[in-house]
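What follows is a set of notes on a single structure, which appears directly below.
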Amino acid sequence: MDIPSKYEPAKAENKWYDYWMKQGFFRSIPDEREPYTIVIPPPNVTGVLHMGHMLNNTIQDILIRRARMLGRNACWVPGTDHASIATEAKIVAKLKSEGKEKKDMTREEFLDYAWAWTHRHGGIILDQLKKLGASCDWDRTLFTMDEKRYESVIKVFVDLYDKGLIYRGVRMVNWDPQAMTAVSDEEVNYTDEKSKLYYVRYKVVDEDEYVMVATTRPETILGDTAVCANPADERYRLLKGKKIIVPMANREVPFIYDDYVDMEFGTGCLKITPAHDINDYEIGLRHNLPSIDVFNPDGTMSEAAGMFIGADRFAAKDLAEKELRRTGNLVKVVPYNNKIGRSERTHAVIEPRLSIQWFLKMKEISRPALDAVMNGSVHLYPAKFRNLYRHWMENVHDWCISRQLWWGHRIPAYYFGENQFVVAENAGKALLLARDKSGNRSLKERDLRQDDDVLDTWFSSWLWPITAFDGINNPGNPDLKYYYPTNDLITAPEILFFWVARMIIAGYEYQGEKPFSNVYLTGLVRDQQRRKMSKSLGNSPEPLDLIARYGADGVRVGMMLCSPAGNDLLYDDSLPEQGRNFANKIWNAFRLVKSWKVDENIPQPESSAIAVKWINEILNRSLAGIDSNFRKFRISEALMNTYKLFWDEFSGWYLEIIKPMYRKPIDRTTYMATISVFDQLLRIIHPFMPFITEEIWHLIEKRKDGESLMISPMPKVKKFNKEIIAQFEAAKETISAIRSVRKEKQIPLKDHVRLIVRAGEKTYTNGLLPVIIKMGYLSGIGFTSDKLAGAASFMIGTTEYYIPLEQAIDTESERLKIKADLEYYKGFLESVMKKLSNERFVQNAPSHVIELEKKKKSDAELKIRSLEESLKALSKL
């Protein structure tokens, strides 16, 4: 068989992905097997692959491929999210580039354009995931606004409204002036930013007195409807019942008192602007104050402001500062660090705004989801996120679910008459309800007007594990009964509340059951300066370029090598390079094995028989460790165990032991055993590196069409012999020590040396002497009960070894080496004795720990005696 000298990732990746797709290996339908299900966190429909997607989807694919090989019916459901705010912003920008404006289009025209644009650019990210090797069931690909998902969302809205959980009301909301929509509390990110604190004086009516107010927002003074102090503040006691003149607006407003005011902040006197601050709004409600909205929805100054009309809010701040200076009302301006809320989607500064919105009551509906995580029905990995989850869920606010957009699920509320409305799945059902509610039997559909707003994107994705199997439209259908609840969810901590908690809420509300059992929370991918990767910073590599350079397997391994759950991954190109190097190591080991000629007539060397027995024990031990890692979601550790198994144990030791002499054949028994071990290794590695393992698996042995490593069973975890492994570790140490002596004494490998063991031949139980002889390039092994003068020596455990040297030994350097060892072991013994003489330690430590310390003591004493004897023997030379 002609095996290329180098592994070519691009060829293998295209070939095997096409083969897997053609064979339908990713497809899942319910059967008698135990299901294993993951629903993909749906990326934005018009998004492209970034480093976070690479990490997240690599983990999902590792879990899915492993489950498939463990005999489970693995179903990974892919799909995309319509992402209302982000997608509409992109569409509006595209329209502008074509000289068009959203405001000049009808809703239908805009949506026609949006759908056409989505069909043209949507789904690119799913094709990119295929390059990574994602083994999703592509026949199940979903979109949060496809027909079934759309119907499901509308049905849920109507159901929750009918249950009294959804209501419509005027509330202070977070307003994004760039997207011109409300956003939920969870979609606001707060950052510390440099600002200014303006000290402004307000005149007391009919007096020559002024009160001074400190504010960060002089432009909102135009909306002030009161000035307020704490009732306990003696400084303002005499202003009770007085009126105050608002600067610039020249409006008289009352001076009021409220416990909310912090006497220590600024001047202890607060301007009250109910339309533009949540706390002022609450004070306004308590004191029956009017609200004056000085901003338009796009963040420009409104007619109600009376000044700076049409100016942007930030420009208005500068204009207000100039006007206050001109009128002598600005006392001073000082630097101030302020927490600024910014929209997660557009990064625009959020404006608190009074608005009619739709809300979902969250307190009662959230309780089962809180209990599920706290009682362990749903596990979070790492567990440190449980407290954060509990804090959120115990302090949950009503969810603002309406958005002032056109792209999304349109709220199924239908208005008629004088602001009356009904909620129904469609206009036909709404008409029947409207006729009943109004008593007007002559109402027609044309008399109804549907609400212009759409639902928050998360209101569709919170149903994802249910709607993935059409569980809202068809409750109890075969797919839902088989695949729900799903098994594992892989996502990021920053959407733990946005998405994860809400999916758990929806799961219990609509299925009476959790949507998944485990939530694995990845960290963020950051650069070496710990900055979050982003295109704007220019620190995020193009994932497809990385795949082209290092191969998909190399990138997958690179992403996983240092990304424990919940911890950030500090990326640089050395990671996928290490992954590529591992792929090359596997390829070169395969080429080495396949290069050997097999001789049917030669017997198996004793060293090879020992090596075969040992590597199978190591395989079993590693399988147990890897299985444990996966059960604990320590996936990076599972990869590292796999990496060490192949690189160190198989390549570094096993192949070196069994390798025939140059141009000599290998025996059939050892060769077949090696092919068997290699096959098992490929199965273990496959979930991490699917392409190279499939390529080698088809080259290592002739396969039939339709056969594949990805559907082959994973080796089963078996018991392993700890004694054989421990003996081999001692043999490794012996071989390494022999190599060190050779290096130190400059003895070439072609010169065989003899090893003398200071022990009785019958009492020395290490059955690995043939391995030591071969790997140490020894002419033989002898035994002695005495010290051996004129020889290089070393100790493994409590056994002393000698290598007789033909040339004169450098007694001085040997003496110094022994003295250094002696000093080390005396220090070690002293530290052990301190522990054993500590009464508290002896009384409280477990018995096995005490026994271990006693063994350390006796071993150290034995080594010290041996080294002292060696020093005496050396002095006689």
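The values are calculated or read from the model by the stated rules, or taken from the named source; none is laboratory data. Here the structure is a predicted model, which is why all the values come from computation and not from measurement. Virtual Cβ from ideal backbone geometry, glycine too; neighbours counted across all protein chains shown. Note: accessible area is taken over every heavy atom of the protein model, side chains too, but ligands, DNA and RNA are not part of it. Shrake-Rupley method; radii C 1.70, N 1.55, O 1.52, S 1.80 Å.
Residues are listed down the side, and each one gets a yes or a no for (1) crowded, with 20+ Cβ neighbours inside 10 Å; (2) over 19 Å from P43 (Cα atoms); (3) modelled with pLDDT under 95; (4) in contact with a Cys (Cβ under 9 Å, 6 or more places away or on another chain):
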position: F110; (1), (2), (3), (4): yes, yes, no, no
position: I124; (1), (2), (3), (4): no, no, yes, no
position: K131; (1), (2), (3), (4): no, no, no, no
position: D139; (1), (2), (3), (4): no, no, no, no
position: F157; (1), (2), (3), (4): yes, yes, no, no
position: V170; (1), (2), (3), (4): no, yes, yes, no
position: N174; (1), (2), (3), (4): yes, yes, yes, yes
position: A179; (1), (2), (3), (4): yes, yes, yes, no
position: E187; (1), (2), (3), (4): yes, no, yes, no
Out of (1) under 27 Å from V525 (Cβ atoms); (2) open to solvent by 40 Å² or more (accessible area, probe 1.4 Å); (3) β-branched (V, I, T), the one I40 does not meet is (2)
From the options S135, S152, residue that is part of a loop (DSSP other than H, G, I, E, B), under 27 Å from G79 (Cβ atoms) and open to solvent by less than 10 Å² (accessible area, probe 1.4 Å)
S135
Screening L70, L55 for residues that are hydrophobic (A, V, I, L, M, F, W, C), more than 17 Å from the chain's Cα centre (by Cα) and under 25 Å from F633 (Cα atoms) leaves only L70
Take the residues of region 310-368 that are part of a helix (DSSP H, G or I) and open to solvent by 80 Å² or more (accessible area, probe 1.4 Å): which is farthest from V183 (Cα to Cα)?
R326
Sort through L489, L496, L544 and tell me the only one that's open to solvent by 30 Å² or more (accessible area, probe 1.4 Å) and within 30 Å of P576 (Cβ to Cβ).
L544
Given the condition more than 30 Å from P9 (Cβ to Cβ), in contact with a helix residue (DSSP H, G or I) (Cβ under 7 Å, 6 or more places away or on another chain), of a type in the set (K, R) and open to solvent by 60 Å² or more (accessible area, probe 1.4 Å), answer yes or no: does some residue in region 697-718 qualify?
yes
If a residue has to be of a type in the set (S, T, Y) and under 40 Å from the mean Cα position of the chain (by Cα) to count, how many in region 177-220 make the cut?
6
Among L874, L816, L829, which is modelled with pLDDT of 80 or more, surrounded by 12 or more Cβ atoms within 10 Å (Cβ to Cβ) and either assigned to a helix (DSSP H, G or I) or among the small types (G, A, S) (or both)?
L829
Among the residues of region 393-400, is any of a type in the set (V, I, T) and either surrounded by fewer than 18 Cβ atoms within 10 Å (Cβ to Cβ) or modelled with pLDDT of 95 or more (or both)?
no
Restricting attention to region 666-705, which residues are within 15 Å of Y17 (Cα to Cα) and either touching a Gly at 6+ places or on another chain (Cβ under 7 Å) or modelled with pLDDT under 95 (or both)?
P690, F691, D705
Enumerate the strands (runs of 3 or more DSSP E) found wholly within region 730-806, keeping only those where 1 or more residues are open to solvent by 40 Å² or more (accessible area, probe 1.4 Å) and either in contact with an Asp or Glu (Cβ under 9 Å, 6 or more places away or on another chain) or of a type in the set (G, A, S) (or both).
753-758, 778-784, 791-796
Give the residue that is nearest to T106 (Cα to Cα), with candidates limited to residues of region 372-412 that are in a loop (DSSP other than H, G, I, E, B) and free of Cβ contacts under 8 Å to residues at least 24 places away in the same chain.
N395
Qualifying positions in region 547-574 - surrounded by fewer than 22 Cβ atoms within 10 Å (Cβ to Cβ), in a helix (DSSP H, G or I) and not small (G, A, S):
R549
